[in-house]
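The values are calculated or read from the model by the stated rules, or taken from the named source; none is laboratory data. As the structure is a computational prediction, the values presented were derived from the model and not from experiment. Here Cβ is always computed from backbone atoms with ideal geometry, including for glycine, and neighbour counts include all displayed protein chains. The area values use the complete protein model at the heavy-atom level, side chains included, leaving out ligands, DNA and RNA. Shrake-Rupley method; radii C 1.70, N 1.55, O 1.52, S 1.80 Å.
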Amino acid sequence: MDKGFTLLEVLIALTIVAMAVTVYFQLISAGTKLEYQARQNMDLVVQAQQFFEQMQTRNVRDDDFKWQGEHQGCAWDLEIKPVDVQELHMDQDETTLKKETEIYSYVLTYACPEQKDMLFQRMVVVGKDFFSDEFKQDRGWQ
């Protein structure tokens with residue numbers, strides 16, 4: 001009786017090893033692609049966050065303030081929504097209390113080609129007269 005492997009056994013073993021190596025390299029390749037996409041997405045998020053912080057330093061009450069535009073190949077749109085701006089009414093002695101501050105939500109939509117739109121939101125507390133009545137009417141807040 002010969003001790004050893006037949007040619008058929010060797011071919012089957014080589015086929016199994018080749019399939020395992022192929023699957024391994026496909027997994028490595030897919031993992032590398034996912035890492036690259038994740039880095040690109042993270043770079044875009046950082047870019048958008050930095051842009052949003054830059055927008056926060058500008059005065060939205062200026063007449064030449066831009067509410068939408070393009071930044072590094074991505075379209076953006078800024079919207080401000082009132083959150084807590086109402087007056088407090090006291091029913092018993094018909095007293096109206098005005099709050100010293102108002103809260104607004106700044107919402108930035110940042111849309112890049114071939115990427116899912118990103119939404120950034122910040123709550124901003126301002127003095128009660130920060131936005132003029134005319135500014136509020138122009139935005140449809142009153």
For this session: Could you count how many Lys pairs in the chain have their Cα atoms under 30 Å apart, skipping same-chain pairs fewer than 8 positions apart?
Result: 16
Problem set entry | Folded to 0 to 90 degrees: helix 7-56 orientation relative to the chain principal axis, Cα | 10
Problem set entry | Stokes-Einstein D (µm²/s) once Rh is taken as the Kirkwood radius of the stretch 21-76 over alpha-carbon pairs, at 37 °C in 0.692 mPa s | 231
Problem set entry | Sequence-distant residues sharing a close amide H with residue 99 (under 5 Å, placed H) | 88
For this session: Report Rg(Cα)/(2.2 N^0.38 Å) for the chain, keeping two decimals.
Result: 2.07
Seminar exercise, completed: Quick calc, residue 24 & residue 54: beta-carbon distance into FRET formula, R0 30 Å, rounding 0.05, result 0.10
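If Lys and Arg each add +1 and Asp and Glu each add -1, what is the summed charge of the other residues whose beta carbon sits under 14 Å from the beta carbon of residue 112?
After counting each charged neighbour, the total is -4.
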Exercise. Once amide H atoms are placed 1.01 Å from N in the peptide plane, what residues at a sequence separation of 5 or more from residue 71, or on another chain, have their amide H within under 5 Å of its amide H?
Worked result: 76
Seminar exercise, completed: Probe 1.4 Å, heavy atoms of protein chains only: per residue, the accessible area of the stretch 103-142 in Å² is 65
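Assuming R0 = 30 Å, what is the FRET efficiency of residue 40 and residue 137, from their Cβ-Cβ distance, to the nearest 0.05?
Once the sixth-power term is evaluated, E becomes 0.10.
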Exercise. Stretched out fully, how many nm does the piece from residue 65 to residue 11 gain, at 0.36 nm a residue minus the Cα gap?
Worked result: 12.2 nm
